[in-house]
Amino acid sequence: MNRRDFLKTAGLATASLLVPQVNVWAKTSGSAASNSGPTNKLVVVFLRGAIDGLSVVVPYSDPNYYKVRNNIAIPPPGNQLGVLDLDGHFGLHPALEPILPLWKNKSLSFVLNSGSPDPTRSHFDAQDYMESGCPGRKATSTGWLNRLLAQLPDNHSPVRALNIGSTTPRILQGPVASATFKAELKRRRSPIDNEVIASSFERMYEGRGDSLERAFQDGMEARTTINEKLSGEQMQANGGAIQAARFGAFGKQLGKLMREEPKVQVAFLDLGGFDTHVNQGNGKGQLANHLQVLGHGLSDLAESLGDTYQRTVILVMSEFGRTVKENGNNGTDHGHGNFIWALGGAVQGGKLMGHWDGITDRSLYEGRDLPVRTDFRSVISSVIGEHLQLSSRQLQTVFPDFSSNSDTVTGLLKG
């Protein structure tokens with residue numbers, strides 16, 4: 001099957017299809033005229049809603065972690081639903097066990113205390129700044145991934161940039177065209193959202209005049225209130241992205257496309273559902289459910305890429321982190337610093353990168369959040385500079401407001 005035939009049938013060939021159709025906008029040329037694209041590839045996975053990095057990479061050796069998280073802390077290694085030890089001090093959330101082999105084969109790393117230097121705790125603004133690559137500047141019209149494409153050799157392929165979603169995200173907006181694959185998914189509803197089921201429960205409890213009736217009424221009222229209060233923010237936090245727990249096949253689908261279409265240079269995927277203000281959970285629960293799907297998806301992606309994995313770097317990031325201390329609803333609120341994940345055959349993995357000062361009051365940003373010690377642009381610049389062979393001048397075009405000399409990440413990739 002040639003490339004054109006593959007693209008036409010990608011949405012019909014298997015049960016785990018990506019889309020029923022492919023939407024490709026008119027193509028525009030990049031900065032270089034070349035018939036062969038670069039060998040190396042970049043995938044960006046954006047976790048919308050601000051994932052709690054301290055539940056992903058857990059500083060289990062720090063007693064302060066357990067002091068400030070009575071209900072949502074992940075137990076140390078060796079306990080039921082305990083963390084998976086990484087280096088004797090940090091551990092991986094147990095739901096992310098599918099990617100532990102990548103840590104062990106040294107193709108997975110995490111950059112500690114990383115993120116955007118802008119202090120905003122607005123989902124919309126923070127996502128906009130991280131996707132435009134210009135924190136604090138709202139007038140930027142293009143996304144950094146589109147500007148990157150303009151610096152790569154133009155292989156004249158309509159799928160040199162893949163976007164998994166329903167619309168072109170901020171990060172890919174600009175003059176260089178991208179191919180958008182739309183995933184059609186049904187909304188997962190709770191059984192109590194079904195009017196017939198809800199009415200049956202109401203008839204069951206009404207008129208009892210006892211504690212069970214009051215408990216049911218209170219529970220339904222609380223559910224309605226929480227849904228009303230959080231639905232608007234969660235929609236904004238997700239930014240139109242598919243909830244992670246509803247898109248478990250993303251790894252196999254994206255990996256197949258990239259393996260069978262060699263001219264793909266970059267790919268973007270965003271997943272939502274990480275705004276965990278209420279009932280975040282610990283080793284199990286709301287966040288764990290999303291992480292389990294995410295872990296399997298990333299593992300599937302690495303496997304589905306086949307030999308292409310050795311030439312690929314996958315960056316996983318979120319707009320900001322969450323508060324170190326849990327809130328009164330057994331969740332976490334909007335924070336600042338976070339963790340950036342780096343996977344791929346080109347990654348010098350099996351180690352944690354960046355700066356870590358613990359989670360004492362003196363080390364926290366504004367006394368409540370992880371600080372940003374490594375600018376996210378430093379991580380990306382390091383990757384695209386080495387992996388995609390961009391010059392300093394080209395890096396300045398991708399991130400016009402950033403000088404990599406001021407904040408460098410070394411040793412993230414294999415020499």
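In the stretch 389-415, of all residues being buried (at least 21 other Cβ atoms within 10 Å of the Cβ) and part of a helix (DSSP H, G or I), the one that is farthest from the chain's Cα centre (by Cα) corresponds to 395. Exactly one of (1) buried (at least 24 other Cβ atoms within 10 Å of the Cβ); (2) farther than 22 Å from residue 96 by Cβ is unmet by residue 329. Its number? Status for residue 329: all satisfied but (1). For the stretch 360-375, the condition holds for at least one residue, the condition being that it is touching a residue at least 12 places away in the same chain (Cβ under 8 Å), closer than 30 Å to residue 326 by Cβ and touching an Asp or Glu at 6+ places or on another chain (Cβ under 6 Å).
For residue 108, state whether it is of a type in the set (A, V, I, L, M), over 20 Å from the mean Cα position of the chain (by Cα) and surrounded by 15 or more Cβ atoms within 10 Å (Cβ to Cβ). Answer is no for this residue.
The set of residues in the stretch 132-173 being in contact with an Asp or Glu (Cβ under 9 Å, 6 or more places away or on another chain) and assigned to a helix (DSSP H, G or I) consists of 144, 145, 170, 171, 172. Within this structure, residue 118 fails the test of being in a helix (DSSP H, G or I), free of Cβ contacts under 8 Å to residues at least 60 places away in the same chain and among the charged types (D, E, K, R). Picking from residues in the stretch 361-380 that are more than 12 Å from residue 413 (Cα to Cα) and assigned to a helix (DSSP H, G or I), the one that is modelled with the lowest pLDDT is 361. Residue 275 falls short of the stated requirement of being of a type in the set (D, E, K, R), under 25 Å from residue 113 (Cβ atoms) and at pLDDT below 95. Within the set 386, 303, the sole residue that is surrounded by fewer than 19 Cβ atoms within 10 Å (Cβ to Cβ), closer than 23 Å to residue 103 by Cα, touching a helix residue (DSSP H, G or I) at 6+ places or on another chain (Cβ under 9 Å) and not hydrophobic (A, V, I, L, M, F, W, C) turns out to be 303.
The values are calculated or read from the model by the stated rules, or taken from the named source; none is laboratory data. Treat the numbers as computed from the prediction; the structure is a model and nothing was measured. Counting neighbours? That spans all protein chains shown, and the Cβs are built from the backbone with ideal geometry, glycine included.
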